[in-house]
Amino acid sequence: MASQIHVNLSPAELAYLHASLSLTPPIRPDGRSPDQYRPLSAETGILPGTNGSARICFADGTEAIVGVKAEVEKTGRRWDDDTIFLEGGGDDEEGGDKEKGSTQQGGNKEWVELTVEIPGQRDDDSATVFLAQMLSEALLADGGFVERLKINRGWHWKLYLDILLISPPLSYPLPLLSLTTHLALLSTRLPRLKSEGDEDPFFDDDWAAAPYLYPRDKKARPPVTLLVMAVGNNIIFDPAKEELAVADVVLAVSVADVADRKGKGVEDEDMDVDGRKLKLLSIRTVDPPSRLTPPGVPNASNTAYGHASAGATQQKMPEARAVESEAVEGVWKAPRGGAKLAVMGALVQKVLQKGGVADEVLDALEAVDLS
Amino acid sequence: MPLDTSTYSLALLRVDGRRWNELRRLHAQIRTQAAADGSSYLEMGHTKVMCVVTGPSEPGPRRGGGIGGGAGGQSKDAEVVVNIVIAGFSSVDRKRRGRGDKRTQEMQSTVANALAASLHTHLFPHSQINVSLHVLSQDGSLLAALINAATLACVDAGIPMTDYVAACTAGSTSTYAANDESADPLLDLNHQEEQELPSLTVATLGDSDRVVVLVCESRVQISRLEGMLAVGVDGCKQVRELLDRVVREKGQRMILEGTVEKGTGLNDLD
Amino acid sequence: MPREAEPSLNEKQFVIQALQENLRLDGRELEQYRPLELTLGDQYGVADATLGKTRVLAKASAELTVPYTDRPLDGIFTIATELSPMTSPAFELNRPTETEVLLSRLLEKTVRRSNALDTESLCLIAGQKCWSVRVDVHVLSHDGNLIDAACFAVVSALRHFKKPDTSMEGGVLTVYTAAEREPVPLSWLHSPFCVTWSFYGEQGEIAVLDATWLEEQVRVGSCTISLNRHGEICQISKLGGTPVEAVALLQCSAVSLTKVKEFSTYLDEKLAEDAKRRNKGGLLAELSAENDR
């Protein structure tokens, strides 16, 4: 899926960018270090009419607003009384969709509805749908999320997440939308349950008493999706659109803190960071716009310089192909093929690292005052 | 669901405690977003709207469900393309509206045509002015809020225009059937009042009595129209003052901060 | 997207200048309609309205369905407008243009939202069975002022329409064919009509009724006012365009009322005429035949 942001850069500019990003350490156009995020301003609780809301502005002016609305909904089928309710028992016992068997997960997924609105784009545009899919995938990959929405055996909360990109899409909006969603979920509160057991639920009118969906004293936090790219062997976080235009590979990596989940076989992927347990939820490759950039023409075959004979122009096609297949130093050529395994590994490692970027981002979002 | 407004005749106070001719709190900001050519944020009571303007620019490939207005698509004028996104969380009960929703399309076309009437579109031939509006919260007077926000954002974008297009709503305490003569006109309706009482949205150009937009969607006696229109036009003038103040304050602040040089024409800002 | 050819600069200039001298190309007064003709079909619910060269056909129909779950006590009433390429090359099928959206919104607001048709009366069994009344609007030829013509056609079609009679006995719903029982008219509450004003001049100071297609293309703004003959405004929409003095709009609404009253009388006459035509030797003849026996 191409991240449709079109960048008008000449092959020479692309080659220059690519070269400076391949240096060790890489030199980024805006002078950031490879794992430095752009500054952002964030606020929560901006919309009193929602259960949770957040707004984030990146320094480049892109801005997003997320609102969360919750509705009480009847769970498809009443639980059998003899079903043993497993506390935190994971996905397998969720949803009460006994008949459907293997599709039980599906019942759960319907509890969250996520929509992305990007100005000037149709809501059934493939890029928009893909964005929404990536964001909801990250949420649902963590089985603990839908678990939070359960009220009792017969009822559950249905959560509607509406994600609005306010600014024109200047850079690939995924990280912005993900961080805003994270913050909105952090600030989400659901009315306090007054009923007990499996009776029809009724709630406390007192909004001040409403508990957070993600209790502050617990460690667990909603997932964040980070955009990471690689140029050569360099790994670069939060790429700007110019940087994306020369990326060899772009990944959307979703991580979440799952500290309070009674762990079951998650140790292998876990990294214990200051008590924070980062868990890798999903990885998606994003088709970088670099693949669509026009290649540069080396001097050797540039007729304007008189190096190539008239005969070579006649046989343009095979010539052009040869140019594309062999790399000439300093001449831009769109990346072909996939990412190296080692780079992918390093990439994931770097995200989950103790004190790494994910950790830093979560810390920063944690510091946002929830109002 | 009829709402009990019988108390109005007793204390002459409306459901939210206002008098008949009072506006709700109008709060606005301009230049809220760095990336856009022009942007604004506007609250009319609990109705909250954000607007981002890009352009005038070269018309790109026609995307999305925006409806263009202005000058019948003649390319010697700039085309105003308006896109309205009503957020799912904006109303009390979550309701999702697709882009194809006719009401939204009608509002898009109304805002586009209203702006096209006051912007000097002939100065930007073969170009396009993109206005994207986001509705974050709805509590009545939605169209009015959208028009006001779009006006502010166009001011921020520095697009030459004749004057502010300011809008507000007006209503009447009578229902359409009741023929009582004691009915009072009301200014700036909230959602509750809009549901129950006849109302209209008026937008006027600048300080004049000239009406750019007049939309009435409820049944009302023709004799009520004059009163409602008069109150609405008067409300528009108040709104215009408020919008003007927002722009001036922002201008003053920008001069103080040194963002812009103080020009000779800006003396009246002090 | 194909576009309608625009009038030439000379043509535009000519029309505007003439209007400034209170003259119209077809010799009408500024506030005069073209002759309005209504033909009611042999079938109930078919109305063909012509306004000069503008011609709109509306057909009402009804079928039994299940009411919407959120409104179990209301029947369903829809107005479908589709502008086909037959009318103008600028219209494409399945791709609503701005004109089409605005037209259907206007009809919706004028007829449906103003409760001209009592939708509660369409419900037969709460939450289970109701009538779904649908009006299809076909624009056969477009020479300006589509809105007024379409609205007149829709209202005429609905007033003329008769749905099959039904009865409920012991929980059994019976729908009678036209042969068994005479069909019944819809429960109609009031008849709203649209009056569209076009504005010309720098300040929009010239207000013209029933603009032709050429006149529509050079106007600077328009305002549609929907009223019924009781003087109730059902809808007003002046969606942008050159600003017009508020007082002028008030005058427009007053003139609109007289026009609407004319429409109303004309429609009543036509309906009465049609009823008489149908009744010739109809029920009376039947009754007299019985008496003879």
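Checking every residue in the range A:193-214 against the condition of being among the small types (Gly, Ala, Ser), open to solvent by less than 10 Å² (accessible area, probe 1.4 Å) and under 19 Å from the mean Cα position of the chain (by Cα) gives zero matches. Once the range B:88-122 is narrowed to residues that are surrounded by fewer than 24 Cβ atoms within 10 Å (Cβ to Cβ) and among the β-branched types (Val, Ile, Thr), the residue that is nearest to A:Gly52 (Cα to Cα) is B:Val92. Take the conditions (1) at pLDDT 85 or above; (2) more than 29 Å from A:Gly120 (Cβ to Cβ); (3) among the aliphatic types (A, V, I, L, M); A:Val68 misses just one of them, which is (2).
Each row is one residue, and each column tells you yes or no for (1) in contact with a strand residue (DSSP E or B) (Cβ under 9 Å, 6 or more places away or on another chain); (2) open to solvent by less than 10 Å² (accessible area, probe 1.4 Å); (3) modelled with pLDDT of 95 or more.
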{"site": "B:Phe124", "(1), (2), (3)": "yes, no, no"}
{"site": "B:Leu136", "(1), (2), (3)": "yes, yes, no"}
{"site": "B:Tyr176", "(1), (2), (3)": "yes, no, no"}
{"site": "B:Ala183", "(1), (2), (3)": "yes, no, no"}
{"site": "B:Asp207", "(1), (2), (3)": "no, no, no"}
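Any residue at all in the range C:96-109 that is of a type in the set (A, V, I, L, M) and more than 14 Å from chain B (Cβ to nearest Cβ)? So far as the range C:96-109 goes, no, none of its residues is of a type in the set (A, V, I, L, M) and more than 14 Å from chain B (Cβ to nearest Cβ). The lone criterion from (1) under 13 Å from the mean Cα position of the chain (by Cα); (2) farther than 30 Å from C:Leu214 by Cα; (3) open to solvent by 10 Å² or more (accessible area, probe 1.4 Å) left unmet by C:Lys162 is number (1).
How about the range C:200-220: which of its residues are open to solvent by less than 10 Å² (accessible area, probe 1.4 Å) and at the interface with chain B (Cβ under 9 Å from one of its Cβ atoms)?
C:Gly204
Residue-level check: of (1) open to solvent by 10 Å² or more (accessible area, probe 1.4 Å); (2) under 15 Å from the mean Cα position of the chain (by Cα), C:Ala272 misses just (2). With respect to the conditions (1) in contact with a Ser or Thr (Cβ under 6 Å, 6 or more places away or on another chain); (2) over 20 Å from C:Val135 (Cα atoms), C:Glu63 lacks only one, and its number is (2). Out of C:Leu64, C:Leu93, C:Leu83, one residue alone is surrounded by fewer than 21 Cβ atoms within 10 Å (Cβ to Cβ) and modelled with pLDDT under 90. It is C:Leu93. Inspect all residues belonging to the range C:168-182 and state whether any of them is surrounded by fewer than 16 Cβ atoms within 10 Å (Cβ to Cβ), within 14 Å of chain B (Cβ to nearest Cβ) and more than 17 Å from C:Gln32 (Cα to Cα). No - not one qualifying residue is present in the range C:168-182.
When you look at C:Thr78, is it in contact with a Lys or Arg (Cβ under 7 Å, 6 or more places away or on another chain), assigned to a strand (DSSP E or B) and not charged (D, E, K, R), yes or no? Here the answer is yes, as C:Thr78 does meet what is asked.
Just give me the residues in the range C:110-124 being within 8 Å of chain B (Cβ to nearest Cβ) and not hydroxyl-bearing (Ser, Thr, Tyr), in sequence order. Once the filter is applied, which keeps residues that are within 8 Å of chain B (Cβ to nearest Cβ) and not hydroxyl-bearing (Ser, Thr, Tyr), the range C:110-124 yields C:Arg113, C:Asn115. Just to be sure, is C:Leu267 in contact with a Ser or Thr (Cβ under 8 Å, 6 or more places away or on another chain) and not small (Gly, Ala, Ser)? Yes: the conditions hold for C:Leu267.
Picking from residues in the range A:215-233 that are of a type in the set (Lys, Arg) and loosely packed, with under 13 Cβ neighbours inside 10 Å, the one that is farthest from A:Lys350 (Cα to Cα) is A:Arg216. Annotation: C:Val15 fulfils all but one of (1) open to solvent by 40 Å² or more (accessible area, probe 1.4 Å); (2) among the β-branched types (Val, Ile, Thr); (3) not in a loop (DSSP other than H, G, I, E, B); the unmet one is (1). Right, B:Gln221: more than 21 Å from B:Val111 (Cβ to Cβ) and facing another protein chain (nearest Cβ under 7 Å) or not? Yes. Restricting the search to the range B:213-249, which residues are crowded, with 19+ Cβ neighbours inside 10 Å, touching a residue at least 24 places away in the same chain (Cβ under 8 Å) and of a type in the set (D, E, K, R)? Hits for the range B:213-249 are B:Arg219, B:Arg224, B:Arg240.
Of all residues in the range B:32-63, exactly one satisfies the criterion of being open to solvent by less than 20 Å² (accessible area, probe 1.4 Å), more than 8 Å from chain A (Cβ to nearest Cβ) and at pLDDT below 85, namely B:Gly55. Looking across the range C:166-221, the residues that are free of Cβ contacts under 8 Å to residues at least 12 places away in the same chain and part of a strand (DSSP E or B) come down to C:Ser167, C:Glu169, C:Val172, C:Thr174.
B:Leu186 fulfils the conditions (1) within 13 Å of the chain's Cα centre (by Cα); (2) assigned to a strand (DSSP E or B); (3) within 14 Å of B:Ser141 (Cβ to Cβ); (4) not hydroxyl-bearing (Ser, Thr, Tyr) except for a single criterion, (1). Just one of the listed residues (C:Val154, C:Val137, C:Val101) is under 30 Å from C:Thr224 (Cα atoms) and part of a strand (DSSP E or B), and it is C:Val137. Taking the range B:13-30 as the range and being surrounded by 20 or more Cβ atoms within 10 Å (Cβ to Cβ) and either modelled with pLDDT under 90 or within 12 Å of another protein chain (Cβ to nearest Cβ) (or both) as the test, only B:Arg14 passes. Filtered by the rule that a residue be within 12 Å of chain B (Cβ to nearest Cβ), assigned to a helix (DSSP H, G or I) and crowded, with 18+ Cβ neighbours inside 10 Å, the range C:233-269 gives C:Ala246, C:Ala248, C:Leu249, C:Cys252, C:Ser253, C:Ser256, C:Leu257, C:Val260.
The values are calculated or read from the model by the stated rules, or taken from the named source; none is laboratory data. Note that the structure is a prediction, hence the values are computed from the model and not measured. Every residue, glycine among them, receives a Cβ derived from its backbone with ideal geometry; neighbour counts consider all protein chains shown. Remember, those area values only see protein heavy atoms, side chains included, never the ligands or the DNA or RNA. Shrake-Rupley method; radii C 1.70, N 1.55, O 1.52, S 1.80 Å.
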